[in-house]
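**Student:** This is the structure I want to talk about, given as structure tokens.
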Amino acid sequence: MYKIAVLVSGNGSNLEAIIDSINKRELKCVIELVISDREDAYGLERAKNNNINTYTFSRKKYGDKLSNEILKVVEGKVDLIVLAGFLSILKGDILDIFKNKIINIHPSLLPLFCGSNMYGIKVHEKVIESGAKVSGCTVHYVDASIDTGNILLQKTVPVHCDDTPEILQKRVLIEEHKALPEVIKMKISESEARIK
Ligand code: GRF
């Protein structure tokens, strides 16, 4: 069975969407573990409620060693690492060992509205400020820079003139919850094709 690790820093609604897809048998994989860089991430509760093993490596405690600690618990155990609202930057060996096996979801249409400090509600504030009429989300591979890896899938939503950042965030999140399982499914099919 295809195995994934999901990394979260916050609410974990994308994690929940993956769990739902697995429960509905739309996704044929197992979430082997959920890892957080914050002890108070609600995503950890969601994992525990679904009997998924969790690990917390606080960014404050591990600093530059965070990526290596994560590598120690995922190496040889999972086929894919899914960043689902994970706010730390992965560095070093993990990027080589899991090349094209780490995906991230970003709440804008990359390459727009990204980079360091562009996360959460700030992204949607900037989209509205820009006057853009379309926004969306992007699932992409993770490489050594921020939000620059190859794009795997994008979904778009309209931006209405009376939107607040919060309203836009909700509209984008609905698409995120479809996009991430869709890309995981693609990665599973890819790996099945390689085995055959
Ligand atoms: C999402 O908007 C995701 O694109 C971004 O962080 C947010 C996480 O939401 N990277 P959740 O924790 O999955 O609810």
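**Student:** Please find, within the stretch 39-89, the residue that is surrounded by the fewest Cβ atoms within 10 Å (Cβ to Cβ) out of those that are outside any helix (DSSP H, G or I) and β-branched (Val, Ile, Thr).
**Tutor:** Of all residues in the stretch 39-89, those outside any helix (DSSP H, G or I) come to 39-41, 50-58, 75-89.
Pick out the ones that are also β-branched (Val, Ile, Thr) and you get 52, 54, 56, 78, 81-82, 89.
Working: 52: 18, 54: 17, 56: 15, 78: 21, 81: 22, 82: 29, 89: 13.
Once the filter is applied, the top-ranked residue is 89.
**Student:** Pick out, from the stretch 92-196, the helices (runs of 4 or more DSSP H) lying fully within it that include 1 or more residues that are modelled with pLDDT under 95. If you could, list the steps in order and put the result at the bottom.
**Tutor:** On the way: elements: 93-97, 121-130, 165-195.
Here the list reads 165-195.
**Student:** Filtering the stretch 103-149 down to residues that are within 12 Å of the ligand (Cβ to nearest atom) and of a type in the set (Phe, Trp, Tyr), which residue is surrounded by the fewest Cβ atoms within 10 Å (Cβ to Cβ)?
**Tutor:** Checking each candidate, the answer is 119.
**Student:** I'd like to verify a number: residues in the stretch 10-26 that are outside any helix (DSSP H, G or I) and within 16 Å of the ligand (Cβ to nearest atom), how many?
**Tutor:** To start, the set of residues in the stretch 10-26 that are outside any helix (DSSP H, G or I) comprises 10-12, 24-26.
Narrowing further to those that are within 16 Å of the ligand (Cβ to nearest atom): 10-12.
Looking only at that region, the number is 3.
**Student:** Quickly run through the stretch 15-40 and pick out the residues that are touching a strand residue (DSSP E or B) at 6+ places or on another chain (Cβ under 6 Å) and touching a residue at least 60 places away in the same chain (Cβ under 8 Å).
**Tutor:** Residues satisfying the conditions are 15, 29.
One line per residue, one yes/no per condition, for (1) touching a residue at least 60 places away in the same chain (Cβ under 8 Å); (2) more than 17 Å from the chain's Cα centre (by Cα):
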position: 105; (1), (2): yes, no
position: 112; (1), (2): no, yes
position: 116; (1), (2): no, no
position: 123; (1), (2): no, no
position: 132; (1), (2): no, yes
position: 135; (1), (2): no, yes
position: 138; (1), (2): no, no
position: 147; (1), (2): no, no
position: 150; (1), (2): no, no
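The values are calculated or read from the model by the stated rules, or taken from the named source; none is laboratory data. Values in this document were obtained by computation on a predicted structure and should not be read as measured data. So basically every Cβ, Gly included, is an ideal-geometry build from the backbone, and we count neighbours across all protein chains shown.
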